[in-house]
1. Would you check which residues across region 53-74 are of a type outside the set (Ser, Thr, Tyr) and within 19 Å of LYS19 (Cβ to Cβ) and list them?
2. Can you give me the number of residues within region 30-49 that are touching an Asp or Glu at 6+ places or on another chain (Cβ under 9 Å), loosely packed, with under 12 Cβ neighbours inside 10 Å and not in a helix (DSSP H, G or I)?
3. For SER17, are the conditions met, namely being among the hydroxyl-bearing types (Ser, Thr, Tyr), surrounded by 13 or more Cβ atoms within 10 Å (Cβ to Cβ) and assigned to a helix (DSSP H, G or I)?
4. Do we find a residue being at pLDDT below 90 and either surrounded by 13 or more Cβ atoms within 10 Å (Cβ to Cβ) or farther than 13 Å from LEU5 by Cα (or both) anywhere in region 50-61?
5. Select, from PHE45, PHE29, PHE16, PHE40, the only residue that is touching a helix residue (DSSP H, G or I) at 6+ places or on another chain (Cβ under 9 Å), at pLDDT 90 or above and over 24 Å from PRO71 (Cβ atoms).
6. Considering only residues of region 62-74 that are surrounded by 14 or more Cβ atoms within 10 Å (Cβ to Cβ) and modelled with pLDDT under 90, which is nearest to the chain's Cα centre (by Cα)?
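The values are calculated or read from the model by the stated rules, or taken from the named source; none is laboratory data. Being a predicted model, the structure only gives us computed values, none of them experimental. Cβ coordinates were reconstructed from backbone atoms using ideal geometry, including for glycine residues, and neighbour counts include every protein chain displayed.
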Amino acid sequence: MDELLNQFDCSVSSIFSTKNQKQTTDNYFFESAEKISFFFEEKAFGEDGELKQPKELSINKVGHALHELDPLYK
């Protein structure tokens, strides 16, 4: 997982929330069906739009094709 996180470009991402249904209309969420995508915690970003802590500590979910695309998770 560390290798995947190191390669992850967090400038293109989404926030996962069970309270806010925004992710259901988010292109990043839909496109995650066919690739390995990372979703941030709701409070991962400050008011300035920057991560409050390292991305490794800010991820809520990894989806959805992890088990199909990464041999380690097959």
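1. ILE59, ASN60, LYS61, GLY63
2. Residues flagged as touching an Asp or Glu at 6+ places or on another chain (Cβ under 9 Å), loosely packed, with under 12 Cβ neighbours inside 10 Å and not in a helix (DSSP H, G or I) within region 30-49 amount to 0.
3. So SER17 does not fit the description; no.
4. Checked region 50-61: no residue is at pLDDT below 90 and either surrounded by 13 or more Cβ atoms within 10 Å (Cβ to Cβ) or farther than 13 Å from LEU5 by Cα (or both).
5. PHE40
6. This residue is GLY63.
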